[in-house]
1. Going by the structure shown, is residue 76 more than 30 Å from residue 1 (Cβ to Cβ) and within 15 Å of the chain's Cα centre (by Cα)?
2. Filter region 12-27 for residues that are over 15 Å from residue 1 (Cβ atoms) and either β-branched (Val, Ile, Thr) or outside the structural domain of residue 2 (by TED's automatic domain parsing) (or both) and give the result.
Amino acid sequence: MPRPSLRSRSFRKIKRRLPGGAFITHYLKREPSKARCSSCRRILHGVASARPAGLKKLAKTKKVTSRVFGGNLCSVCTKDRLKERARGAGSKR
């Protein structure tokens, strides 16, 4: 049985065969998922994917893009949202 700190689903279990024929289990942290657009669920480009502790250590420029809604919406959804706002503001006058 693994030590208590490794008995968690947050670790991936990988079975490795040793030269003598015995099997051992390696425990690796799971890979983080890619950041996705909150509207269309496309993968966001220019946004680093890391575990929460790793994200905390990154600079803000690595976590967001330098655009309106950067790090939250993809470029296509941002463009659509800005068009809707511009059209809405023009019709109110």
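1. no
2. Passing the criteria: only 14.
The values are calculated or read from the model by the stated rules, or taken from the named source; none is laboratory data. Bear in mind that the values here come from a model prediction, so they are computed numbers and not experimental data. Glycine gets a Cβ as well: all are built from the backbone with ideal geometry, and neighbour counts include every protein chain shown.
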